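The values are calculated or read from the model by the stated rules, or taken from the named source; none is laboratory data. Note that the structure is predicted; figures quoted are calculated from it, not measured. FYI the Cβ positions are ideal-geometry reconstructions off the backbone, even for glycines, and counts take in every protein chain you see. To get the accessible areas, we keep the full protein, side chains included, count just its heavy atoms, and leave off ligands, DNA and RNA. Shrake-Rupley method; radii C 1.70, N 1.55, O 1.52, S 1.80 Å.
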Amino acid sequence: MGKQQHHHKLTKLELLRRIIFITLGAVLVSVALEIFLVPNKIIDGGIVGISIIVSHLTGLPLGIFLFLLNVPFLIIGYKQIGKTFAISTLYGVTVMSIGTTLLHPVDPLTYSTFLAPVVGGVLLGIGVGLVIRFGGSLDGTEIVAILFSKKMPFSVGEVVMFMNLFILGSAGFVFSWDSAMYSLIAYYIAFKMIDVTIEGFDESKAVWIISEDAREVGDAIMSRLGRGVTYLHGEGGFTGGTKRVIFCVITRLEEAKLKSIVQELDPAAFLAVGNIHDVKGGRFKKRDIH
């Protein structure tokens with residue numbers, strides 16, 4: 001019999017870290033909504049957008065709908081997303097709902113049609129990104145999309161995009177078409193900020209180099225960039241000849257220097273650079289450059 005896989009339990013420190021950052025993320029979203037977006041009739045996509053519209057039409061507090069509309073999807077998607085994710089999401093949604101309720105009486109910081117969607121979008125994106133980065137979510141539409149995509153020929157991303165276009169378009173009928181367009185700006189900024197928050201500013205890049213002077217190029221990367229390299233053995237599809245492939249991981253700021261090293265030593269080298277979201281283990285720590 002094979003070894004039984006045990007579910008990794010969070011340590012107390014990891015749990016505390018997760019609680020702190022999900023709380024911070026949910027509070028930032030509450031501030032973005034109540035201090036910048038909602039008073040200026042700007043909405044977000046997903047359940048948050050539906051909640052803002054329903055809250056406006058009924059005159060009831062936004063926090064009630066943020067909670068009530070998210071919880072059913074959490075229950076439906078519990079099996080799809082796992083216990084830890086579901087609990088983290090429930091906690092995040094609860095903090096966000098309470099936060100918006102407490103902040104509702106506070107006056108908005110700006111009525112500027114430029115500042116409201118920009119600052120609101122940035123805060124919203126950072127908040128949502130933090131919650132996702134630490135294992136939760138603030139919006140049930142992703143769970144809906146996962147369930148829908150299993151039964152329909154659309155990807156999760158396509159379902160989310162279609163739903164959000166419908167929700168953001170609804171803002172035009174409920175508020176005004178100006179509101180719908182400002183909402184689109186805020187949504188786009190938030191979308192970009194979520195990526196930055198999840199990946200971090202120090203974004204890592206994976207590099208593959210195929211060169212006739214692989215050893216010389218590899219040595220230069222190690223001595224001049226302070227990065228470790230791994231040599232992989234490949235075979236040319238057309239020629240059938242053996243090739244040595246250099247693989248290394250660098251940060252975004254080191255990309256230009258790496259390209260100049262390769263260009264200088266072997267202008268004919270094949271170079272491919274790709275974004276990677278996370279780097280764990282190995283020897284990714286940068287060494288001193290001599």
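Quick notes on this one:
- Among the listed pairs Lys151/Lys192; Lys192/Lys259; Lys205/Lys259; Lys12/Lys83; Lys79/Lys150, a Cα-Cα separation exceeding 20 Å is found for Lys151/Lys192; Lys192/Lys259.
- For the pair Ala206 and Leu165, the difference between a 0.36 nm per residue extended length and the Cα-Cα distance amounts to 11.4 nm.
- At R0 = 41 Å, FRET efficiency that the Cβ-Cβ distance of Tyr78 and Val245 yields, to 0.05: 0.40
- Per residue value of the accessible surface for the stretch 165-237 (all protein chains in place, 1.4 Å probe), Å²: 53 Å²
- Between Leu10 and His56, the modelled label-to-label distance comes to 3.5 nm, taking each label 7 Å out from Cα in the direction of the beta carbon.
- In the chain, a dipole from Cβ-located charges (positive for Lys and Arg, negative for Asp and Glu) runs towards its positive end, and of Ser30, Tyr187, Gly218 it is Gly218 whose Cα lies farthest in that direction.
- The ellipsoid equivalent to the alpha-carbon distribution of the stretch 16-157 has semi-axes of 25, 17, 14 angstrom, derived from the gyration tensor eigenvalues as √(5λ) and listed largest first.
- The stretch 131-254: Cα Rg divided by the 2.2 N^0.38 Å rule of thumb: 1.66
- Accessible area, probe 1.4 Å, largest first, for residues Thr113, Thr141, Thr84: Thr113, Thr84, Thr141
- Cleavage-rule hits (chymotrypsin sites (Phe, Trp or Tyr not before Pro)) in the stretch 95-140: DSSP loop, at most 11 neighbouring Cβ within 10 angstrom: Tyr111, Phe114
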